Amino acid sequence: MGSPTDTRGWSIIGFDSAWTDKTKAPGAVSIIHFDGGSTSFVEPQLASFNQALTLIHRERDSFGFCLVALDQPTIVANLVSLRPVERVVASTISWAGGGVQPANRSKIGMFDDKAPIWPFKEKLGATEDPESARRSVDGLFLIEVFPALALLTIDDRFHGRLKAPRYNPARKKTFRAADWLVVLESVAAYARSFGLDNVAGWCEAQRHHAPRKADQDKLDSVICALVGYNWVWSPRSTSVMIGDLESGYMISPASSAVRSRLCEAATRYGVPIDQGTAAALA
C-alpha cells in the first residue's frame, strides 16, 4: 500500500460490536480517516450492528480504501469449546490475568445461525483477507482484532504475570480505577506514536469522569482502530496473525516478548502463526 498520507484517501474503522445486538447494550464505532489533506478522527459513538453498517458504508462512499477492525470472532467453524486461535491467545491472556471468551456455534445469540454477526458480514460485503488488505489501495476489508491482547504490546507494563489491566467498569468486583487511567494514558501514547494527536486528545479527555461500560466500549473501539492502523501502515513485523481463514484468526500488534509467547503456544497447539513463513513479515 501507499503511505499514511496517500492522497487517494483511506478510512480505518474500529468496531467493538459487543457480540450481541441488544438495544440497551450496543457496541461502539470510532474512525480514523485521511481525506487527502489531513487525518481526522471521528470520536467513538455507540452503535448497533445496523448503525455500524451505516457508518461503514458512508466511509466506503467517501474513501477508496476502508478497513474494518472488528472486536468479535468473524470465522467460527467449531460447534463447541474454543477456536484454535483462542487456545493460543488464552495461554497468554490467562498468564497476564485476563480471560478469553470462547467462540463456538452453540452460543445462541452470538454465533448460532441466527446470530447478528452473520447478516452483518453479509451486508458489509467486505473482503476478509488480512494480508491482502496490507497490499491494497482500494476496497473494503475486514479483520478480527482483540483489544485485550493488543494492550500487552501497547504498554509492556501489562505484559507480565497477572499484570493485565482491569478496566471494565461493569465488573465491579475486579474493576480498578487506576487501571482505567493507565489504559487511557497508554492508548494515548500509542496514538501519538503514529502522529494521531486527535486520537490521543480524546483519550486524555476521558480521564476526568467515572467510566461506565459504554465508555469502555468506546475506548475499545479506539484500540480496534489503532490496531487496524498499525496493521495497514506499520512494518509487518510489528503485527502478528494468529490462526487462519478456515478455523479463525486474530490480528494484533506484537512486541518481541508477546510474539515469543504466542509462537510458543502456537507450536504447542499446532496453530499457524504468520503462516509460518518469512514472507509474511515482509
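The values are calculated or read from the model by the stated rules, or taken from the named source; none is laboratory data. Remember, predicted model here, so these are calculated numbers, not experimental data. Don't worry about glycine lacking a Cβ; one is built from the backbone with ideal geometry, like all the others, and counts go over all protein chains shown. For the accessible areas, the whole protein counts, side chains as well, though only heavy atoms, and no ligand, DNA or RNA atoms are used. Shrake-Rupley method; radii C 1.70, N 1.55, O 1.52, S 1.80 Å.
Values as computed for the structure displayed
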{"quantity": "Residue in the range 103-126 that is most open to solvent (accessible area, probe 1.4 Å), counting only those that are closer than 21 Å to VAL227 by Cβ and in contact with a Ser or Thr (Cβ under 8 Å, 6 or more places away or on another chain)", "calculated": "LYS121"}
{"quantity": "Breaking point among (1) in a helix (DSSP H, G or I); (2) surrounded by fewer than 16 Cβ atoms within 10 Å (Cβ to Cβ); (3) in contact with a strand residue (DSSP E or B) (Cβ under 9 Å, 6 or more places away or on another chain); (4) among the small types (Gly, Ala, Ser), for GLY195", "calculated": "(1)"}
{"quantity": "Some residue of the range 8-15 being among the hydroxyl-bearing types (Ser, Thr, Tyr), open to solvent by 30 Å² or more (accessible area, probe 1.4 Å) and either assigned to a strand (DSSP E or B) or out of contact with any Pro (no Cβ under 6 Å at 6 or more places or on another chain) (or both)", "calculated": "no"}
{"quantity": "First in the range 33-50 and over 12 Å from ILE13 (Cα atoms), second anywhere and open to solvent by 60 Å² or more (accessible area, probe 1.4 Å), Cβ under 6 Å, 6 or more apart", "calculated": "GLY36/THR7; SER48/ASP21; PHE49/ASP21"}
{"quantity": "Residues satisfying the stated conditions in the range 130-166, i.e. within 15 Å of the chain's Cα centre (by Cα) and either open to solvent by 20 Å² or more (accessible area, probe 1.4 Å) or of a type in the set (D, E, K, R) (or both)", "calculated": "GLU144, PHE146, ALA148, THR153, ILE154"}
{"quantity": "Criterion: over 24 Å from TRP10 (Cβ atoms), in contact (Cβ under 8 Å) with a residue 60 or more places away in the chain and of a type in the set (D, E, K, R) - qualifying residue of ASP156, ASP129, ASP113, ASP179", "calculated": "ASP156"}
{"quantity": "Selection from the range 64-77 of residues that are touching a Lys or Arg at 6+ places or on another chain (Cβ under 9 Å), of a type outside the set (A, V, I, L, M) and modelled with pLDDT of 95 or more", "calculated": "PHE65, CYS66, PRO73, THR74"}
{"quantity": "Residue check for ARG83: open to solvent by less than 40 Å² (accessible area, probe 1.4 Å) and at pLDDT 95 or above", "calculated": "yes"}
{"quantity": "Tally of residues being in a helix (DSSP H, G or I), open to solvent by 10 Å² or more (accessible area, probe 1.4 Å) and touching a Lys or Arg at 6+ places or on another chain (Cβ under 8 Å) across the range 233-275", "calculated": "1"}
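Quick grid of which residues meet (1) closer than 19 Å to LYS121 by Cα; (2) among the small types (Gly, Ala, Ser):
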site: GLY9; (1), (2): no, yes
site: ILE12; (1), (2): yes, no
site: TRP19; (1), (2): yes, no
site: ALA28; (1), (2): yes, yes
site: ILE32; (1), (2): no, no
site: ARG58; (1), (2): yes, no
site: PHE63; (1), (2): no, no
